Amino acid sequence: MATLDKVAVDITVVLGTTSMPIHQVLRLGRGAILELESSEEDPVRILANNLPVAEGTVVVNGNRIAVEVARLLPRPADMR
């Protein structure tokens, strides 16, 4: 088990997506607000090293934000 202590995994939570022209992206500054194509009730995607592994929901408790895992996704056949 000691060998797993040194394995790094990047976890990403995708809240939503949007599309915009590159000239708008270049004009974005600090504090810019992007409107996403999802609502706060929609499930979020959870990625491990850019691979989808689960879906979850956003949970707000006071000033803390967390993601609750609702469903694990099946692994692709080539990853078993």
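Before moving on, here are some points about what is shown:
- Here the gap between Asp42 and Val59, fully extended at 0.36 nm per residue and compared with their Cα-Cα distance, gives a gain of 4.9 nm.
- GluC sites (Glu not before Pro) restricted to DSSP loop in segment 16-78 with at most 11 other C-beta within 10 Å: Glu35, Glu37, Glu40, Glu41
- Protection proxy ranking, peptides 13-20, 47-54, 26-33, average beta carbon neighbours within 10 Å, highest first: 47-54, 13-20, 26-33
- Taking segment 24-55 and a reference point 7 angstrom along Cα→Cβ of Lys6, no backbone N atom is nearer than 17 Å.
- For the chain, the average shadow cast by the Cα convex hull is 8.8 nm², which is a quarter of the hull's surface.
- What a 1.4 Å probe finds exposed on the chain is 55% carbon and sulfur by accessible area, rounded to a whole percent.
- Accessible area per residue in Å² at 1.4 Å probe, computed on the chain: 90 Å²
The values are calculated or read from the model by the stated rules, or taken from the named source; none is laboratory data. Only a predicted model underlies this, so the values are computations on that prediction, with no experimental measurement involved. A quick note on method: Cβ atoms are made from the backbone with ideal geometry, for glycine too, and the neighbour counts reach across all protein chains shown. Surface areas here come from the heavy atoms of the whole protein model, side chains and all, with no ligands, DNA or RNA. Shrake-Rupley method; radii C 1.70, N 1.55, O 1.52, S 1.80 Å.
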